[in-house]
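Below is one structure, written out as structure tokens; the observations come after it.
The values are calculated or read from the model by the stated rules, or taken from the named source; none is laboratory data. Predicted, not measured: the structure shown is a model, and the values here were computed from it. Cβ sites come from the backbone with ideal geometry, for glycine too, and all protein chains shown count toward neighbours. We work out accessible area using only protein heavy atoms, side chains counted, and drop any ligands, DNA or RNA first. Shrake-Rupley method; radii C 1.70, N 1.55, O 1.52, S 1.80 Å.
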Amino acid sequence: MENVIELQNVNKAFKGFELKDLSISVKKGFVTGFIGGNGVGKSTTIKLILNLLQPDSGDVSVFGLNYKKHEKEIKQRIGFVFDHNVFYEHITLSDMKKIIKPAYKNWDDGIFHQYVNLFELPLKKSIKTFSKGMMMKASLAFALSHRAELIIMDEPTSGLDPIFRRELLDILHDIMQDGEKTIFFSTHITTDLDRIADYITFIHNGQHIFTKEHYKIEEDYAIVKGETNLLDRDTEQEFIGIRKSNHGFEALTTNKQRTANLFGDMVILEKPTLEDIMLYTKKGNDNYVKSYS
Amino acid sequence: MQIIISNTSKEPIYEQIYVQIKKHILTNELQAGEALPSMRQLAKDLDISVITTKRAYEELEKNGFIFSIVGKGSFVSEQNNEMILERKRKVIEEQLLSAIQNSKEIGVELEELLELLTMLYKEDT
């Protein structure tokens, strides 16, 4: 399968934070959800993909092209949607269009108006009167009107009400129908991913933890619950981020089958949510990264 | 075609889709040659990811229930009853074999096993 985005051994250091040897690929025709806690490097990664930041070392390629030679071509084919307003506030949507349109070779007024109608956006009102949901829709309309093949979104659903989030997911489902487009988006609202994401990419502390098919996660991972007397120095090695109380323990396993074989009926295995995985990984922290690789 | 997905079920979603489409095919509700919705359409309708419907279709194809034509979509295969029965028999054989192995491990005799089987068989009606 073709990769639309490829990061190879990317390093990027800031004061007090670094992306370490990050290798990520995003598959064409699918939706990849990008998860991780606050400050683990999600936005930095997205900026690297958009060439708003350059890696200290390693390669970033989009559509199989690198930014050094093909920056213009790549940017023609990407649409990005940020969680904050990137438009001029005091002008109208129709004026904003006049500014953006000449930048894109494949701009299509027909598509733009189609989405403006669909999203019920006012063309003649100044953008500063827009709600967060409308801003999001406007941003998406611009991305779609230049026939972007890759749509990158940073926290698109945060701060939106549940009804609008559903609407947005429906729109994304529609966009994906022809199988030619690719969506890469970061989010904190992991339940949205259950409805749309084909692949999940998870990073923690600047490191890539995994990229997996969505259904594969519940095949590999499980929340384990059992009596605390099952834990000793050896068995604790099997788990990540163990939470002990007077009444028992809870932990995450990355190898459900192995845990089932090892403990049998002595433990309960439950389907983990993406939130569980994020939480226990943070708890287990360094120990996790080691046991995973 | 009705497909009902439970988000609280222990069964993975692709498995739920697989089982339900298979049932529609075996009961002839979906007939040979009939087109299935595209993976992407079904994903949209069920509000789930494409990779999930893809996995379900792959399993259906692997087990001979449907076939795909590139660019055209997926269709219900001609069902060969003989083949289905044969396949089922094979599964039963395998399951019995593992029951026998388990019995031997803990010294359950054939007679006892037969009794158990008879009891369970009669119970499950």
Q.
Given (1) over 20 Å from the mean Cα position of the chain (by Cα); (2) aliphatic (A, V, I, L, M); (3) in a strand (DSSP E or B); (4) within 14 Å of another protein chain (Cβ to nearest Cβ), identify the lone condition not met by A:Ala260.
A. (3)
**Q.** Number of positions in segment B:47-79 that are more than 9 Å from chain A (Cβ to nearest Cβ) and either open to solvent by 60 Å² or more (accessible area, probe 1.4 Å) or not in a helix (DSSP H, G or I) (or both)
**A.** 20
Q) Regarding A:Ile46, is this residue assigned by TED's automatic domain parsing to the domain that holds A:Asp174 and touching a Phe, Trp or Tyr at 6+ places or on another chain (Cβ under 7 Å)? A) no
Q: Scan (1) within 14 Å of another protein chain (Cβ to nearest Cβ); (2) touching a Ser or Thr at 6+ places or on another chain (Cβ under 7 Å); (3) open to solvent by 50 Å² or more (accessible area, probe 1.4 Å) for the single condition B:Ile17 breaks and write down its number.
A: (3)
Q. Could you list, in sequence order, the residues of segment A:161-215 that are open to solvent by 40 Å² or more (accessible area, probe 1.4 Å), in contact with a strand residue (DSSP E or B) (Cβ under 9 Å, 6 or more places away or on another chain) and more than 8 Å from chain B (Cβ to nearest Cβ)?
A. A:Lys181, A:His188, A:Asn205, A:Gln207, A:His208, A:Thr211
Q) What is the residue count in segment A:1-29 for residues that are open to solvent by less than 10 Å² (accessible area, probe 1.4 Å) and within 14 Å of chain B (Cβ to nearest Cβ)? A) 2
**Q.** segment A:216-226 - residue that is open to solvent by 10 Å² or more (accessible area, probe 1.4 Å) and assigned to a strand (DSSP E or B) and, of those, nearest to the other protein chains (Cβ to nearest Cβ)
**A.** A:Lys225
(Q) Take the conditions modelled with pLDDT under 90 and within 14 Å of another protein chain (Cβ to nearest Cβ) and apply them to A:Thr281. Does it pass? (A) no
Q: Determine if segment B:29-46 includes at least one residue that is open to solvent by 60 Å² or more (accessible area, probe 1.4 Å) and at pLDDT below 90.
A: yes
Q: Determine, yes or no, whether A:Ser126 is in contact with a strand residue (DSSP E or B) (Cβ under 6 Å, 6 or more places away or on another chain), of a type outside the set (Val, Ile, Thr) and either open to solvent by 50 Å² or more (accessible area, probe 1.4 Å) or at pLDDT below 95 (or both).
A: yes
